[in-house]
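Shown next, in structure tokens, is the structure this report addresses.
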Amino acid sequence: MNKTQTDTINKKINTLKPKDFTKALQAFQEKITSEYATYLNSCVRCGLCAESCHYFLAYKDLKSMPAYKLNLIMKVFKKYSSFAGNHFSFWFGAKEIKHHLIQEWIDNLFGRCSLCGRCFLNCTMGINIPYLIRAARNALSSLDLVPPGLQSTITIALKTGNNMGITTDDWIETLDWLEDELEQDVEDQNVKIPLDIPNAKILYAINPREAMFFPLSILAVAKIFYAAKENWTFSSKNYDVTNYGFFIGDDKTAGKLAYPLVESMETLKCKDLILSECGHGFNSNRWEASEWLSKKQNFDVKSIIQNVAEYIKTGRIKLDSSYYQKTLTLHDPCNLVRFGGIVEEQRFILRQVTNNFVEMSPNRENNFCCGGGGGQLAMTRYADRRRKSGEVKAEQIRRTGADIVVAPCHNCVDQITELNKHYQLGVEIKTVCEIVADALILNRNTSSRPGKK
Amino acid sequence: MQEYFRYGVIFAFFISFFSLSFLVLRTFRFGKKTLYSKPQGKPIKGICYAFGQGMMPWAKESVLKHIPTFISGILYHIGIFLALFYTLSLAIPFNIPGQFLFSFQIIFLMAVICGLFLLLRRIIKTTLWQISCPDDFVSNILVNLFLVMALIDVSITKFRAYLFIAVILMLLYIPFGKIRHCFFFFFSRVFFGHFFGRRGVLS
């Protein structure tokens, strides 16, 4: 951990006063519903959750155990919400919110958790540990104790409308040159990357990292939409699927970050909001945004993967089934699969482009987190832990013997790219849409597809 | 004297039941979250999964990796519920046919062994020891004591008063400590199943 950052955090913690602890407690308690209270009454500290956590598997230490992290939260719940915990704190393991506990919360609840939910699935009692950790993170957020890298991403997103701080002019310029690229790729001068088209069937939204670092993944989807003759559009103003407010458990901020896409859907009157390959973006917009905004959406929210699977099944796009000669394996992003419920579509898609598809073990909702979720990629202070915890994923990849790792989430792509380098895996990393775009069979005389892989 | 303990057992059952019910009802005051997002699957499917397949070694990794602990837990809890039933039959009283008593002995013996195994596990495994508080140990000890007395009673009835004392202590302690999970477990699994079932995750 960076010494300057640690000193800054410690300074902040040392200046906290009793009214700050009260504020933190209120922020924590306002997140507690009957569901969360049930969970907080249920843990029996059996420890069976330990090996479900990639942090624990990497470090084998107490603080990486999900039960330890949960216990940090339960101590507070018991102290302030139970007679026994309040009056017999030592006996029942209750604890007041004070400086030391705040320090532990920051280091363990931000620093040793990617909110992946594997512990939730494996808990004897079925406790939603990641969402309880989010409740505690909300308390830390109320005291302005969110690790700086994560907080600055949120601040940029609130200020500029996207987490990369891309200006509208830069966004439109990016789309312009992508349009030129698309024209050449599909050999059609009339092809457009539509912008602000009212009443389009689909409003497509991306992870701004794509515009900044992976523009070809935007091109890939545009090509797929072209091949499917889809009626779609981007918004010039609101196109960010990400929601780092989700990671800090601050539902008000998360709601503010989720609203722009809803606003664009209402303004442009599109039918479906289609989200690019982003795990937490899918969970946030598909499952959580309605709750943050306290209203039902009158449009469907889907992952682009669902659309692509549909295009294939209905014959709207055709793929070269032997395009990929190399072995492909699939990473299951936690927020897309375990929390999102999009499990089989990506597998179906990959089986259309290769006969060499190998599953990781375990897979689907039991797959391991890559280590990059929960805001970890933004929190540079915990980069070493993030890489170390990714050892589990690296080993999974190695065991498949695959040449290409398909990761339907740009955060996962970033993390696995780093793991690839750190653990010398020697693999290529691609998104599902990039794979599909490469294998597309377009109706043209000459094929301008890259050679088979 | 034993007669007073008998009434004490019935009284303790009621106190425990109503205290636990009160604790559960008290969680309701935290409020229910209205869910606005469109479901993808059926919550009831998730709930059925949570209580069935979702607890089995072939579906749940934590169980598969800890088969001895899983089996110990199952035998322990079967023993506990049977011992409670047995003790209630003595307190109310109602008759349990004699041919069952030998099976009760076996089950109570297995439960005692499993209870001791789980207690030792908590003491020996450093990580478990470090996340435990006195309640974790005392809860286990009280239940084990009750099981031992049930095992003794089903064999020799002259220590029945001690069985009644053991169960009274345990029942009165339940609402305070972690043994409250005997009620909360069911609600927790319902919420778990509802969450994943609604999102269409669990097959």
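The values are calculated or read from the model by the stated rules, or taken from the named source; none is laboratory data. Just so we're clear, the structure is a prediction, and the values are computed from it rather than from any experiment. Cβ sites come from the backbone with ideal geometry, for glycine too, and all protein chains shown count toward neighbours. Accessible surface areas use protein heavy atoms only, side chains included; no ligands, DNA or RNA. Shrake-Rupley method; radii C 1.70, N 1.55, O 1.52, S 1.80 Å.
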**Complete:** Taking R0 as 30 Å and r as the Cβ-Cβ distance between A:Ile441 and A:Val358, the FRET efficiency 1/(1 + (r/R0)^6), rounded to the nearest 0.05, comes to 0.75
**Item:** By accessible area with a 1.4 Å probe, ligands and nucleic acids excluded, highest first: order of B:Leu101, B:Leu118
**Value:** B:Leu101, B:Leu118
**Message:** Using Cα-Cα distances under 8 Å and only pairs 6 or more residues apart, what relative contact order does the range A:319-453 have, in percent?
**Reply:** 32
**Prompt:** Pairs A:Lys23/A:Lys296; A:Lys313/B:Lys33; A:Lys75/B:Lys65; A:Lys229/A:Lys271; A:Lys31/B:Lys178; A:Lys11/A:Lys75: which are spaced more than 26 Å apart, C-alpha to C-alpha?
**Reply:** A:Lys23/A:Lys296; A:Lys313/B:Lys33; A:Lys75/B:Lys65
**Complete:** Given a 1.4 Å probe, the accessible area of the range A:75-169 per residue, as a whole number of Å², is 32
**Message:** Could you report the range A:196-248's accessible area per residue, 1.4 Å probe, as an integer in Å²?
**Reply:** 29
**Message:** Once you keep just the Cα pairs under 8 angstrom separated by 6 or more residues, what percentage relative contact order results for the range A:83-132?
**Reply:** 19
**Prompt:** Where nothing but the Cβ of Lys and Arg (+1) and of Asp and Glu (-1) is charged, how large is the charge dipole of the protein assembly as shown around its Cα centre, in debye to the nearest 20?
**Reply:** 2220
**Message:** Per-residue Cβ counts within 10 Å, from other chains only, averaged over B:37-46: what number is that?
**Reply:** 3
**Complete:** extent check for the protein assembly as shown: Cα max minus min per principal axis, descending, whole Å, gives 98, 57, 46
**Request:** Could you point to the residue in A:Leu62, A:Ala136, A:Ile172 farthest towards the positive end of the range A:31-180's charge dipole, with +1 and -1 charges on the Cβ of Lys/Arg and Asp/Glu respectively?
**Result:** A:Leu62
**Message:** Can you give the longest run of chain B that contains no chymotrypsin sites (Phe, Trp or Tyr not before Pro) sitting in a DSSP loop with at most 13 other Cβ atoms inside 10 Å?
**Reply:** B:95-203
**Item:** Residue-averaged beta-carbon neighbours from other chains (10 angstrom radius) around A:339-347
**Value:** 3
**Request:** Could you look at the range A:73-118 and say what percent of its accessible area is carbon and sulfur, using a 1.4 Å probe and all protein chains?
**Result:** 63
**Message:** So if I restrict to the alpha-carbon atoms in the range B:1-97, what is the Rg, and what is Dmax, the biggest pairwise distance, in Å?
**Reply:** 19.8, 62
**Fill in**
With +1 at each Lys and Arg Cβ and -1 at each Asp and Glu Cβ, the charge dipole magnitude of the range A:246-315 around its Cα centre, to the nearest 20 debye, comes out at 180
**Prompt:** Where does each of B:Thr34, A:Thr155 land when they are ordered by accessible area, with a 1.4 Å probe and the largest first?
**Reply:** B:Thr34, A:Thr155
**Item:** Cβ-based charge dipole, chain B, positive-most Cα from B:Phe102, B:Cys48, B:Leu171
**Value:** B:Cys48
**Request:** Using only the Cα atoms of the range A:379-419, build the gyration tensor, take square roots of its eigenvalues as a ≥ b ≥ c, and label the shape rounded, prolate or oblate: rounded if a/c is under 1.5, else prolate if a/b is larger than b/c, else oblate.
**Result:** oblate
**Request:** Kindly provide the GluC sites (Glu not before Pro) of the range A:133-218 that DSSP labels as loop, not H, G, I, E or B, and whose Cβ sees at most 16 other Cβ atoms within 10 Å.
**Result:** A:Glu187
**Phi-based couplings in Hz for the range A:174-180 (Karplus 6.51, -1.76, 1.60; Gly and Pro marked x)** = 4, 5, 4, 6, 5, 5, 4
**Asked** Accessible area per residue, 1.4 Å probe, Å², for chain B: what's the number?
**Response** 51
**Prompt:** To the nearest 20 debye, what charge dipole does the range A:369-423 have about its Cα centre, counting +1 at the Cβ of each Lys and Arg and -1 at the Cβ of each Asp and Glu?
**Reply:** 180
**Asked** Cα atoms only, the range A:161-308: Rg and Dmax in Å?
**Response** 14.7, 47
**Prompt:** Rounded to the nearest 0.05, what FRET efficiency is calculated for A:Lys326 and A:Asp176 with R0 set to 45 Å and r the Cβ-Cβ distance?
**Reply:** 0.85
**Prompt:** Taking Cα atoms, how many degrees apart are the long axis of helix B:67-91 and the longest axis of chain B, rounded to 10 and kept between 0 and 90?
**Reply:** 50
**Asked** Across the range A:151-166, in residue order, what do the Karplus-derived ³J(HN,Hα) couplings come to in whole Hz, using 6.51 cos²θ - 1.76 cosθ + 1.60 with θ = phi - 60° and x for Gly and Pro?
**Response** 4, 5, 4, 5, 4, 4, 5, 5, 7, 10, x, 7, 6, 9, x, 6
**Request:** Heavy atoms only, probe 1.4 Å: what % of the accessible area of the range A:352-453 goes to carbon and sulfur, would you let me know?
**Result:** 43
**Message:** Positive end of the dipole of the range A:329-406, charges at C-beta (+1 Lys, Arg; -1 Asp, Glu), about the Cα centre: which of A:Pro333, A:Cys370, A:Ile349 has its Cα farthest in that direction?
**Reply:** A:Cys370
**Message:** List, by residue number, every residue in the range A:351-379 with a reduction of 40 Å² or greater in accessible area between the chain on its own and the complete protein assembly, 1.4 Å probe.
**Reply:** A:Glu365
**Prompt:** Among the residues of the range A:8-41, which ones have their accessible area go down by 10 Å² or more when all the protein chains sit together, as opposed to their chain alone (1.4 Å probe)?
**Reply:** A:Ile32, A:Thr33, A:Ser34, A:Glu35, A:Tyr36, A:Ala37, A:Thr38, A:Tyr39, A:Asn41
**Asked** Which value in nm describes the separation of the simple spin-label points at B:Tyr4 and A:Tyr80, placed 7 Å from the Cα toward the beta carbon?
**Response** 4.5
**Fill in**
Sorted by chain and then number, the residues having a modelled amide H within less than 5 Å of the amide H of A:Lys318, at least 5 places away or on another chain, are A:Ile441
**Request:** For the range B:101-203, state which trypsin sites (Lys or Arg not before Pro) are in a DSSP loop and have at most 14 other beta carbons lying within 10 Å of their beta carbon.
**Result:** B:Lys125
**Message:** I'd like the interface area for chains A and B: accessible area of each alone minus the complex, both sides summed, 1.4 Å probe, protein heavy atoms only. What is it in Å² to the nearest 100?
**Reply:** 5000
**Fill in**
Each residue of A:71-81 has, on average, a number of other protein chain C-beta atoms within 10 Å of its C-beta equal to 1
**Request:** Name the residues whose placed amide hydrogens come within less than 5 Å of the amide hydrogen of A:Leu195, ignoring near sequence neighbours (fewer than 5 apart) on the same chain.
**Result:** A:Phe234
**Message:** I need the phi-derived Karplus couplings for the range A:104-116: 6.51 cos²θ - 1.76 cosθ + 1.60, θ = phi - 60°, integer Hz, Gly and Pro marked x.
**Reply:** 5, 4, 4, 5, 9, 7, 8, x, 9, 8, 9, 6, 6
**Complete:** Counting sequence-distant residues (5 or more places) and residues on other chains, those with an amide H built under 5 Å from that of A:Asp272 are A:Ile202, A:Leu203
**Item:** Coil-residue trypsin sites (Lys or Arg not before Pro) of the range A:156-243, DSSP, other Cβ within 10 Å capped at 11
**Value:** A:Lys229
**Message:** Is the C-alpha gyration tensor of the range A:190-274 telling us rounded, prolate or oblate? Criteria: a/c under 1.5 is rounded; beyond that, a/b larger than b/c is prolate, otherwise oblate.
**Reply:** oblate
**Request:** Give me the lysines in straight-line cross-link reach of B:Lys45: C-alpha distance below 19 Å, same-chain residues under 8 apart excluded.
**Result:** B:Lys60
**Message:** At 222 nm, what value in deg cm²/dmol follows for the protein assembly as shown if DSSP H runs of at least 4 each add -39500 (n - 2.57) and the sum is divided by all its residues, to the nearest 500?
**Reply:** -17500 deg cm²/dmol
**Request:** Work out, in µm²/s and without decimals, the Stokes-Einstein translational diffusion coefficient of the range A:1-78 at 25 °C, 0.890 mPa s, Rh from Kirkwood over C-alpha pairs.
**Result:** 165
**Asked** Using a ≥ b ≥ c from the Cα gyration tensor of the range A:287-384 (square roots of the eigenvalues), is it rounded, prolate or oblate, where a/c under 1.5 gives rounded and otherwise the larger of a/b and b/c decides, a/b for prolate?
**Response** oblate
**Fill in**
Length-normalised contact order of the range B:1-120, Cα under 8 Å, at least 6 apart, in percent, tallies to 31
**Request:** Kindly provide log₁₀ I(q)/I(0) values, in the same order as q = 0.10, 0.13 Å⁻¹, from the Debye equation applied to equal alpha-carbon scatterers of the range B:57-180.
**Result:** -0.34, -0.56
**Message:** Per residue, how big is the convex hull of the range A:311-453 when only Cα atoms are used? Give it in Å³.
**Reply:** 109
